[in-house]
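The values are calculated or read from the model by the stated rules, or taken from the named source; none is laboratory data. The model shown is predicted, which means the values in this text are computed figures rather than measured ones. Using ideal geometry, Cβ is built from the backbone for each residue, glycine included, and neighbour counts are taken over all protein chains shown. Protein only, heavy atoms only, side chains kept; ligands, DNA and RNA dropped before computing areas. Shrake-Rupley method; radii C 1.70, N 1.55, O 1.52, S 1.80 Å.
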Number of protein chains: 2
Amino acid sequence: MPASQDIALDRCLFAKMLFQRVSRGVVTIASGSWTKVTCKCCFTDAVRPLLVIELNKEVRLETKQWIISKIEAPANKQGAQLLAHPGEDDDGDMILVAAPTCTLLRKAEAVGLSKPYRDGTMLAFSYPDRASFKNADNIEELLTLAEQQYIAKNELDDLKAGTNESIPGCSKDKGSLYPGEPIFQKLEKSGIVKTIYPLHDKEKLSAFSEQWYSQFSSWELPLDYIHSYFGGPVAFYFSFLGFYTVSLLLPAVLGAILYFLPWHSVNGHVLLAIFNVVWSTVVLELWKRRSAELAYGWGTLLLNSTFEEPRPNYRGTMGHNPVTKRWEPYFPSAERKRRIWFVSTPVVCAFLWLTVMGMVAYFYLEWCVKDYYSREPSWLSMPLLYLPSVLHILYVDFMNNVYKTVAHMLTEWENHRVESDFQKHYTLKVLVFSFINCFAVLFYIAFYKQDLELLRKRLASLLIVSQIINQVTEALVPYLLERFFPSQGTKQKEADPHIDKLRAQSCQSEYPGLFAEYIELFVQFGYLSLFSCVYPLTAALLFLNNVTEIRTDALKFCKLFRKPFVAPAANIGIWQTAFEALGFVSVISNCWLILISPQVKGYCQENGVSFRNALLCAIALEHVLIILKVVIAFVIPDLPKWVRIKVAQLEFRSRQALKTVA
Amino acid sequence: MPASQDIALDRCLFAKMLFQRVSRGVVTIASGSWTKVTCKCCFTDAVRPLLVIELNKEVRLETKQWIISKIEAPANKQGAQLLAHPGEDDDGDMILVAAPTCTLLRKAEAVGLSKPYRDGTMLAFSYPDRASFKNADNIEELLTLAEQQYIAKNELDDLKAGTNESIPGCSKDKGSLYPGEPIFQKLEKSGIVKTIYPLHDKEKLSAFSEQWYSQFSSWELPLDYIHSYFGGPVAFYFSFLGFYTVSLLLPAVLGAILYFLPWHSVNGHVLLAIFNVVWSTVVLELWKRRSAELAYGWGTLLLNSTFEEPRPNYRGTMGHNPVTKRWEPYFPSAERKRRIWFVSTPVVCAFLWLTVMGMVAYFYLEWCVKDYYSREPSWLSMPLLYLPSVLHILYVDFMNNVYKTVAHMLTEWENHRVESDFQKHYTLKVLVFSFINCFAVLFYIAFYKQDLELLRKRLASLLIVSQIINQVTEALVPYLLERFFPSQGTKQKEADPHIDKLRAQSCQSEYPGLFAEYIELFVQFGYLSLFSCVYPLTAALLFLNNVTEIRTDALKFCKLFRKPFVAPAANIGIWQTAFEALGFVSVISNCWLILISPQVKGYCQENGVSFRNALLCAIALEHVLIILKVVIAFVIPDLPKWVRIKVAQLEFRSRQALKTVA
C-alpha cells in the first residue's frame, strides 16, 4: 500500500470517529473554543493523530476512561484540551491523541515560536493576531509536524492533579495523587502508561528521506524538511555535521598536500599546527552565525524561556517550592551541592584515575612483553605481544560502560529538579571522562614519551579501525538485524492494517538520543585539532568518514528507531561550549607538538638555539595563539548582519507596540 | 539661609507660577492626562524643578516660546509632556523644567524600573497597576530624584521634529529640521541651548553628604542615599570602591606579615603570588554577587534594553535606517569597520610603539648618564643623573594627553551611531594605552631586565609618589581654587537669591565622568594583582589610599562639580570585564615572578633543578592557575541564592500572568 493512502486512512478513521462521537454528544471539549465558527478543525481532514499512548494490558476500563477524559477536558477544567481516541486494536491498549487547532495555536504563542508574518518577516506568533500570519488558515503549514507533536506532548506533561483526586481503578497506594502532581509522570511511574511516542508520517518522510540517505551525489541536506519533521535538535545536529564536514575540505586538502609532498620542512609542520588552531576557531565562530541563520529561518532564534516542571524521578519531602509556592516534593539545593562535591566529584576523579592507571599498566605490560620477546623470541610467545593491547581494549570498554552507568546513577542520585540540569551534569561527567578516555593515551605518548612516530601510528590506527568499527556497530548491525530478524511486533498481523502500522512503530526501539552522536563528533574534532599536525591525513579520513556518517545517521532516524520527541531548539547548546573548550586545549597541544617535532629540534641544533629559548618561544606562541583565538572570536560577530538587523527590527517593533499601548 | 527654606521657596515659586498660568489658561498640557482627578501633581508641592535649560543670551523670544511649547505639548502632539517655566533671572536665559507625575510613571514603566510591590517584593513597575505599588501616591518616595531627572532628560532627548518643522527665530540654514530629527540635539548643536543640567537639592544632599565624606570612623557608605540622589552608575562606582577597599584588608595584612617577617622564604613568595591570583578572582566573583544584590534592591537588575537614539555627532548621508525605516543620517557600518581596522588600529599601535620606544630610550639614556657620571663624577654633571627621569615623565605625560585627544578624535571619526558603541570603542582604546603606559616599564623590568630589586623600588615609588600627586591634583587643588578664587557666577549677586543659587550651579564645571576614576582603580588593581608579590606592602598602601579616595571623590560629587545626568544601571558594565582580563594577565606575570625570584633560583641551585625543569613547572603552574580561575568563576554563582529565587519568582509570576491572559 503506498504511503499516501495509508495516511488518508488514518485521517478518515479519526475524522469518522470524532464525527460520530460529536453527533452522539460524547465529545466534552471546551465549549469556549469549540463553538467558534473559525475553529472547524475536527470536521476537516486536518486532524491528524500525533501521539500514541500505549497502556499496560492490565489497565482497567475506568482508568482508561479517566485518562481520556483528562486529555479531552478543557483548560479551565485542568484538562489538556486535546482529542483522544481509544485505539481500535485487538488489545485495546492504545490511545491515539490529536490536537485541535486552537490548542496548537495558543501553545505556539506560549513557547515563543516565530512564524512568517504577512509582510514576510519572522514574528513571534501571537494568538490574538493569528489571522495576520501566513498560512493562518492551514495549521499543517503554520506549525510543523514536530512542533505539533511537541505541543501535544507538552500539554499532556502539563496535566496536573486537582485536590483530592486519585487515579480510578487503582489501589489506594498506587493511584494516590497529591494536588498539582503531574498526572502523566505518575501514570508512567506506576506502570499504567507503558510509553508515549509520536507517530511517523510515512508520506512526509518519504518526501525527503531518499534525498537524505541515498543520494551520495547531493551535498545539500534537506534541512528544512528535517526540521519540520524531526524538530530542532535533530536538524541542528545534521546541520552541524554537514557544516563541519564541508569545513573539513580545507584541512583535508592542505593535509594531503603536506603528507604527499616529499618536503617535510619545519615550516610545513609549524604551519599545520597553527592552521589547526585558527581553523578550529574560525569554523566554530562561523557555525554560530550559520546556526543563528537557521534558527531565524526556523523561527526559534528568540524562544521564550520556559518554566520547567520537575523531572519524573525528582524525589524529596513534600514542601512549598520557594519560587512557585506550590506544594510539591522539595529537595534542598545545599544537600544536592554536598552530593555533587563530596560524592560525585571524588567518584568521577577515581574513575579518571583508574583510566589513567589502566593506560600506564598497559604501557608497562607492553614494555615487559616486548622485553621478554626480545630475550626469548619464539612462536609460542608471539601471541603474547598482542595480549597488552587486547587487555587494554577490554579494560577501556569495560570502564566506559561501567562509567556511563555510574555517571547516570550519580546524576540521578544528585536529584536535579529539572531535566535540563540533569542533562547538564550528566553531559559534563561523560564529557570529562570521554576526553580522558579517548585522548589520555595520545597525550601520554605526546607529552611523556615524546614519541611522535608512535603518536602518528596510533592516530592513524584509531582513525581507520575505530571508525570502521563504529560504522558497522552503529548502523549496519541494527539494519541487518531488523532486516533478517524483524522484531516481534511486525510479525503478528492484526485485522486492521492501520493498527498494524502503529504496532510496528511501537515495537521499534526508542531513539537513544543525540548524545552519543555528539560525543563521536567531539572525539573526532579532538583528534583533528589536538594531534592532526603529526598526521596530516586526519582531516581527509574524517571527511570520508563523515560523508558516510551523515547517511547512516539518517538511516537510523528514518528506518531503525521510533520517532523521537524533541523540543524546539535555538542552537546545539552545551556542545558549542564543549567544542570551543577543545579549541583552547588544542593551542597547548599544538605548541607542544611544534616544540618536540624532529623538524624544529633539528632546526634548533643547526642554528644553535638552546632548548630553553625554544621553550620560551613555544610559550610565547601559545599565548599569542590564545590571544588570536580570543580576537577572532571577538571580531567575527555571532549573528550575521541581516539577522542582527531582523532582530533589531523585531525589538524596535515590539517597543513601538508597547509605546502605543501606554 | 538654611537649605530647607531654600527648597520651599523653589516649590512655592513654581507652584505659584503654574497656578497663575493655569488660571490664565496658558497651560496647554495634555488634556488626556490632566483632567483626571488623580493627577493633582501641579497643585501640590510635589512639583519640583528637575532640570535647568540654559539658553544662549542671543536667543529670540519666539525661539524660547517655541521651545517651551514643545516641552509642554502632550505626547500625542509630539511633545515631551513636561512642565516648563521661563526662569525669572535678569537675563531670561534659563528654563526650569519639572515633570508631572503621570509622565514620570509612564516612563518608569518603559525604562523597566522595578519598585517595591504591595507584598514587599520588587516588581517591574506597571503604569496600569500603579496603585498596587508601595508609595503609589507619593512620587517623591516612588521614584528617586536621579530617576526623575533621568526621565525628564530622556523625554527632552526624545523630542522629534515633525514634517516641515523648523526652529522659529533662526536663519533658514541654522534652524532647519528634517522630519524626525531630535530637537534638543539640534538646539545644542546650533548653540541655541548652551547646556542642560539637573538641579541639586541641598536638603537631600546634606542629609547624607556629611556621613559620606567627613566621618572617617564610619565604614558604611550611604549607598542607598547615593543611589537615590546621584543615580546608578555613581552608586555602583562607590559600592565597588568600598567593596574593593574592604577586600584589600586581607592581602594588606598578609603582605605586611610577609614584609616585616625576617623570614623571606621560597614558600612566602610563591604563596603570595598564588594568593594574588586566587584573591583577585574571588573578589571579582563576589563583587558580581554584591552588585546583583544592590541592583535588585535598587530595582535595576532587570532593566529593559532601550532602543538608543543616534548620537548628536553622528553624521551621514540621509537615508532610511534599515531597522526603524526612519529617514535619518545613515553611515554604512562597512565604512566604519574599514576606519576602525585600517586607520584607528594602526594609529593606536603607533602610539603604543612610541610609548614603548620612549621607555627604551629612557633606559638607554639613564644607562648613558650613569656611565658618564661614573667616568667623570663632578658637581656639575650630578643634575644630569635626574635628566632621563624628568624627560621620561614629561614624555609620558605629553603622550598621555596627546593620546587621549587622538583617541577621542578617532572614535568620533569612526562615527558610531549610538553613545554606548562610542563609549565602548573609546574605553577600549584608552584601556589598552593605559595598560601599556602604566605597566610597560614594570613589565620591562620584570621580564627583560629581570631585576626584582629595581621592580620593587619602582613599584614603591609609583605607589607612594603618584598616589599623593593624584590626591592633590584631583581634589585639593580644585577645592582650594574654588575656596579662594570662587568662580565668576557666585560673585555677581542678583536680586533673587533663588535664581542666584541656580546661577551658582550653572557656573560649576561639568563632572568629567567616572572614566578617570575607574582607570585609576584599574591601574591600582594592576599594581596589586600583577606585581605585588615582589612588594608585599602594595595592598596596605592601596588600602590607605582608597580610604581617602572615597572621601575626596565624595567631595567632588557633593561640592565641586555640577550634578551629572546618569542613566539607571545594573552593574559596573565594561569595567567588570576589564578587571577580569587583568586577572588573567596576572597569572602570567605572577608565574614569571615566581620563576625568576632569587628565592626560587636559590632553591633550584641547592636542589639541582635545571632551569628547563623550573620553566616547565612554571608553565604547568600557569595552566593550573588559569584552570583554577575558571573553576572558581564557575563554582561561585553570579547571583546570590535569594536573588536567584526572587528572579525566578518574577519570571514564574509573569508567565502565570501570560497564561491567564491567553
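A few remarks follow.
- Just so you know, in region B:33-57 the residues that are farther than 13 Å from B:Leu187 by Cα and modelled with pLDDT of 50 or more include one that is most open to solvent (accessible area, probe 1.4 Å), and it is B:Lys57.
- Within region A:318-351, considering residues that are in a helix (DSSP H, G or I) and of a type in the set (Phe, Trp, Tyr), the one most open to solvent (accessible area, probe 1.4 Å): A:Phe342
- Only listed residue being touching a residue at least 24 places away in the same chain (Cβ under 8 Å), open to solvent by 30 Å² or more (accessible area, probe 1.4 Å) and either within 14 Å of chain B (Cβ to nearest Cβ) or outside any helix (DSSP H, G or I) (or both), chosen from A:Leu286, A:Leu303, A:Leu354, A:Leu380: A:Leu303
- Criterion: open to solvent by less than 10 Å² (accessible area, probe 1.4 Å), in contact with a Pro (Cβ under 7 Å, 6 or more places away or on another chain) and within 19 Å of B:Ile196 (Cα to Cα) - qualifying residue of B:Ala80, B:Ala152, B:Ala98: B:Ala98
- Exclusive hit being more than 14 Å from chain B (Cβ to nearest Cβ) and open to solvent by 50 Å² or more (accessible area, probe 1.4 Å), set A:Lys174, A:Lys115: A:Lys174
- Contact map, region A:116-133: residues that are among the charged types (D, E, K, R) paired with residues that are part of a helix (DSSP H, G or I), Cβ distance under 8 Å, separation 6+ or inter-chain. Pairs shown: A:Arg118/A:Ser132; A:Arg130/A:Leu105.
- Screening B:Glu109 against (1) under 24 Å from B:Lys646 (Cα atoms); (2) among the acidic types (Asp, Glu); (3) open to solvent by 60 Å² or more (accessible area, probe 1.4 Å) leaves a single unmet condition, (3).
- In this entry, B:Ser228 passes the filter for residues that are modelled with pLDDT of 85 or more, in contact with a Ser or Thr (Cβ under 6 Å, 6 or more places away or on another chain) and either surrounded by fewer than 21 Cβ atoms within 10 Å (Cβ to Cβ) or not in a loop (DSSP other than H, G, I, E, B) (or both).
- The one condition from (1) at pLDDT below 90; (2) within 21 Å of the chain's Cα centre (by Cα); (3) surrounded by 18 or more Cβ atoms within 10 Å (Cβ to Cβ) that A:Val418 does not meet is (3).
- Qualifying residue in region B:542-554 (condition: within 30 Å of B:Leu454 (Cβ to Cβ) and small (Gly, Ala, Ser)): no
- Pairs where the first residue, in region B:435-449, is in a helix (DSSP H, G or I) and the second is open to solvent by 40 Å² or more (accessible area, probe 1.4 Å), C-beta under 6 Å, 6+ apart: B:Ala440/B:Val356; B:Ile445/B:Asp451; B:Ile445/B:Leu454
- So B:Leu156, is it more than 30 Å from B:Asp224 (Cβ to Cβ), part of a helix (DSSP H, G or I) and touching a residue at least 60 places away in the same chain (Cβ under 8 Å): no
- Condition check for B:Leu650: surrounded by 18 or more Cβ atoms within 10 Å (Cβ to Cβ) and within 10 Å of chain A (Cβ to nearest Cβ): yes
- Some residue of region A:134-149 being open to solvent by 40 Å² or more (accessible area, probe 1.4 Å), touching a Lys or Arg at 6+ places or on another chain (Cβ under 8 Å) and either of a type in the set (Val, Ile, Thr) or within 14 Å of chain B (Cβ to nearest Cβ) (or both): no
- Listed by first and then second residue, the pairs linking a residue in region A:523-544 that is over 22 Å from A:Trp575 (Cβ atoms) to a residue that is of a type in the set (Lys, Arg) and open to solvent by 10 Å² or more (accessible area, probe 1.4 Å), with Cβ atoms under 8 Å apart and 6 or more places separating them unless they lie on different chains, are A:Val534/A:Arg456; A:Tyr535/A:Arg456.
- Restricting the first member to region A:358-376 and to residues that are under 14 Å from A:Lys449 (Cβ atoms), and the second to residues that are of a type in the set (Val, Ile, Thr) and open to solvent by less than 90 Å² (accessible area, probe 1.4 Å), the beta-carbon pairs closer than 7 Å and six or more apart or on different chains are A:Met359/A:Val441.
- Failed item, numbered, when B:Leu628 is tested on (1) of a type in the set (A, V, I, L, M, F, W, C); (2) open to solvent by 30 Å² or more (accessible area, probe 1.4 Å); (3) under 29 Å from the mean Cα position of the chain (by Cα); (4) away from chain A (no Cβ under 13 Å): (3)
- Taken over region A:310-351, the criterion of being within 13 Å of chain B (Cβ to nearest Cβ), over 29 Å from A:Asp158 (Cβ atoms) and either in contact with a helix residue (DSSP H, G or I) (Cβ under 8 Å, 6 or more places away or on another chain) or of a type in the set (A, V, I, L, M, F, W, C) (or both) is satisfied by A:Ala334, A:Ile340, A:Trp341.
- Scanning region A:559-583 for residues that are over 12 Å from the mean Cα position of the chain (by Cα), surrounded by fewer than 20 Cβ atoms within 10 Å (Cβ to Cβ) and part of a helix (DSSP H, G or I) returns A:Lys559, A:Leu560, A:Gln576, A:Thr577, A:Glu580, A:Ala581.
- In region A:612-622, the residue that is farthest from the other protein chains (Cβ to nearest Cβ) out of those that are surrounded by fewer than 15 Cβ atoms within 10 Å (Cβ to Cβ) and not small (Gly, Ala, Ser) is A:Asn613.
- Leading residue by the ranking (farthest from the chain's Cα centre (by Cα)) among those in region B:159-183 that are among the basic types (Lys, Arg) and part of a helix (DSSP H, G or I): B:Lys172
- Only one of A:Leu177, A:Leu199, A:Leu143 that is in contact with a strand residue (DSSP E or B) (Cβ under 7 Å, 6 or more places away or on another chain), closer than 21 Å to A:Pro74 by Cβ and at pLDDT 80 or above: A:Leu177
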